[in-house]
Structures are given as C-alpha cells and as structure tokens.
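Undergrad: Quick one: this structure, given as structure tokens, is what I'll be asking you about.
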Amino acid sequence: MAYKDFLKFVDTVIKEEASDLHIAEGRKPIIRVNGELITLKNEALTREGMKDILNELVPEETKIRFKTDKEVDFSYSPQEGVRFRCNVYIQQGGLCIALRLIPRRIKTFEELRLPDTLLDFARMKQGFFLVAGPTGHGKSTTLASIINLINSERREHIITIEDPIEYVFTPDKSMIDQREIRMDATDFPSALKSVFRQDGDVLMIGEMRESETMSTAVTAAETGHLVFSTLHTNSASQTIERIIDSFGPQQQDQIRVQLSGSLAGVFSQRLIPRVSGGLVPAYELLIANTAVSNLIREKRTHEIDTVIETSSAEGMITFNKSLANLVRDGEITIDNAFLNSRNRKSLERLL
C-alpha cells in the first residue's frame, strides 16, 4: 500500500516540476521546488511503509550493501522516461530516502543559460575540465549538456563512469559507453584505468572522490583524452587546491606539474532563485592560460582569483561579476545576490 502512495508522490514531483523528493519514517513527504522545500499534505510515513517502499525500489544486491554500509546510492526508474538518482540512509535509527529527479531530456547550453565560452571546452580534443559547485546546483546537468553537444557534433568514443548513472545518452555521431560503479565496474580507479585499453576519446567521471581517481584522470588528459568531471567546491581556485591537497606532501609537486599542463578550465556554478520563477545559474569561469598554469606550478594558487578578475577579455568571469550581471538584467534580486556572494564588498563595488 505504501508503495502505491509513493508512486503518487512521484507523480507530484513530475507535476510540480520538483527537483527532489524526501521521504522518511515519522515524517510527511517533502519535495523541493525551485530550491524551496515544500511539505506534502499526506500522513507521516511509518517504518512498515518505508520498508515496503524500500523493497520495491532497491535492487537485491543494493539491499545487501545497505545492510553493511547503512547508506547506498542507486538509480530508479518508475516509468519510461522518468529516472531518479537515489540515496537511502539512516538518521536516528529511522529509514530515509532522498530522490533527485533526472530530467528526461538533456537541455542545451541556451536553455540552461550557460555561457557560449563553454562551447570551446566541448570542442577541444584533449584536456581536463571541471565543473564545481555545491550539491544540487546543476553540475551533472551542465556536464550532460557538454557531453551531448560532443555526441551531436563529433565521431568520438565517449565513456562515462558514474555512481549511479544519471542522464542516459542516446548515441548520435558518437559511440557512448556508460558504466555504473558496482554494476559494470568495481570502482572509479579501476574503471578509469581500463579506459586506456578501451580506445576512449572523451571521458566523463561522475565525481572525483579520491586521489587515485584524480591522478588517473589527469594522466588521461595528459595522454590525449578529453576528460570531464565534478567536484563539490565553491570556486575555481578552491577546486585546484582540493585536488592538490588530496595528495600526500611527496606527491604534490608532481600533481602540480601534471595539472598545470593538462587543466583546460574550471566552471564553478550555483543556482539562484529567479525573479520570474525557477532558477538561474550564477557562475565563475577559469580558463587555464599560461598565467594560471604558472601559478599552479609555482604553488601560488591563491593568486588565481586575481587572474580571473583581470582576464575578462579572454572569456573569464568572476562569480561576483556574474551575480552583478544577473541583478542588472532583472533576473535575481539584490538580496539573493548578496546572500550567495563570497565577497560582499567586491559585489557592492560592482553594483
């Protein structure tokens, strides 16, 4: 019975164009619409009800891992064209499920309001490009749009390594292999190393979680691959520092040299409530020019923000400049701009 109710929650998510659904025992269902949490007018879910939903949602092998790990990721498709990325976890002994709706159609750069400069990275033959930002702020969607553009324009072998698979690509000009961790590969490092034997051209790594994955990704970019991935960081300079700090002191000089030679750029984004409804991205774009490469190699990553500020002619843009442009265009409020700014004094000067 609880599973039938759950399917009604799914219908509500689709109808209300929500991004997320949260269900937990002892709590009413909650959806997220345009960044805001909304409680549904349903009864609170019981433990028995949550178990019923879990039994229907979670694959058998995943249930075994959940018993051991107490949390687990998986994908779920209740009907054709509807797909969720799910996480089952426990809080204070109670069962919880967070479901993120993956849009059925991959949107274009124009629809996502992404800068045309990103087209240059999609059309590169090799390099390392990162999309950064907080959880739930469109990193996977941006990457999917980039990959789909390559798919529509070039004959390449695209390999994605994800946990779990989110957007499902339909091959166009490219050949696409999508590999899911545990289902199709043991882990990220081993799947990534296999790319060298699979004749891949373009590689998309769902998320870089440890130094071994980062090291192999950088090596892949050095050896002629075009590599895309994401990190949960708040700025371009922080993204670079996070990668370097993931390695031990004895390895950091080497990864600096490798990164300085292979990094193509970093796109850091955050979704902001739009005045007219919905969400709009504010972003920072770092293009790895000679100055940036030198700063990475010379342990001066703290100076990268200055390079971004002074390199707008090359297509770079600071997060505050993006926020200021959105305010001037009437897309977001001044309050939301300041709420999301990392440097309010700088934003004041721009406004």
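The values are calculated or read from the model by the stated rules, or taken from the named source; none is laboratory data. Please read these numbers as outputs of a predicted model, since none were measured by experiment. Here the Cβ is made from the backbone with ideal geometry for all residues, glycine too, and neighbour counts use every protein chain on show.
Undergrad: Name, by its number, the condition in (1) within 26 Å of K125 (Cα to Cα); (2) in contact with a Gly (Cβ under 7 Å, 6 or more places away or on another chain) that does not hold for P281.
TA: Tallying (1) within 26 Å of K125 (Cα to Cα); (2) in contact with a Gly (Cβ under 7 Å, 6 or more places away or on another chain), P281 fails exactly one: (1).
Undergrad: As an exercise: evaluate L40 against (1) closer than 14 Å to I97 by Cα; (2) modelled with pLDDT of 90 or more; (3) surrounded by 12 or more Cβ atoms within 10 Å (Cβ to Cβ) and give the number of the one condition it does not meet.
TA: (1)
Undergrad: Here is a follow-up. May I ask you to list the residues in the stretch 278-330 that are among the acidic types (D, E), crowded, with 21+ Cβ neighbours inside 10 Å and part of a loop (DSSP other than H, G, I, E, B)? Lay out the reasoning, then the answer.
TA: Initially, the stretch 278-330 is screened for residues among the acidic types (D, E), giving 284, 298, 303, 305, 309, 314, 329.
Remaining after also requiring crowded, with 21+ Cβ neighbours inside 10 Å: 284.
Residues satisfying the conditions do not exist here.
Undergrad: Conditions first: (1) over 21 Å from I272 (Cα atoms); (2) touching a helix residue (DSSP H, G or I) at 6+ places or on another chain (Cβ under 8 Å); (3) in a strand (DSSP E or B); (4) not aromatic (F, W, Y). L21 passes all but one, so which condition is the exception?
TA: Looking at each condition in turn, L21 falls short on (1).
Undergrad: Of the conditions (1) closer than 27 Å to R104 by Cβ; (2) surrounded by fewer than 19 Cβ atoms within 10 Å (Cβ to Cβ); (3) within 27 Å of the chain's Cα centre (by Cα), R85 satisfies every one except a single condition; which number is it?
TA: Status for R85: all satisfied but (2).
Undergrad: Give the residue that is surrounded by the fewest Cβ atoms within 10 Å (Cβ to Cβ), with candidates limited to residues of the stretch 1-37 that are in contact with a Cys (Cβ under 9 Å, 6 or more places away or on another chain) and hydrophobic (A, V, I, L, M, F, W, C).
TA: Narrowing the stretch 1-37 to residues in contact with a Cys (Cβ under 9 Å, 6 or more places away or on another chain): 22-25, 27.
If we keep only those that are hydrophobic (A, V, I, L, M, F, W, C) as well, we get 23-24.
Values: I23: 25, A24: 20.
Looking at the filtered set, the residue picked out is A24.
Undergrad: Show me the strands (runs of 3 or more DSSP E) found entirely inside the stretch 142-220 where at least 1 residues are free of Cβ contacts under 8 Å to residues at least 60 places away in the same chain and surrounded by 22 or more Cβ atoms within 10 Å (Cβ to Cβ).
TA: Details: elements: 157-162, 175-180, 202-205.
Qualifying strands (runs of 3 or more DSSP E): 157-162, 202-205.
Undergrad: Is it the case that some residue within the stretch 297-312 is aliphatic (A, V, I, L, M), in contact (Cβ under 8 Å) with a residue 24 or more places away in the chain and touching a Leu at 6+ places or on another chain (Cβ under 9 Å)?
TA: Taking the stretch 297-312 as the starting set, the residues that turn out to be aliphatic (A, V, I, L, M) are 304, 307-308.
Right, trim to in contact (Cβ under 8 Å) with a residue 24 or more places away in the chain and you get 304, 308.
Next cut, touching a Leu at 6+ places or on another chain (Cβ under 9 Å) only: 304, 308.
The answer is yes; a qualifying residue exists.
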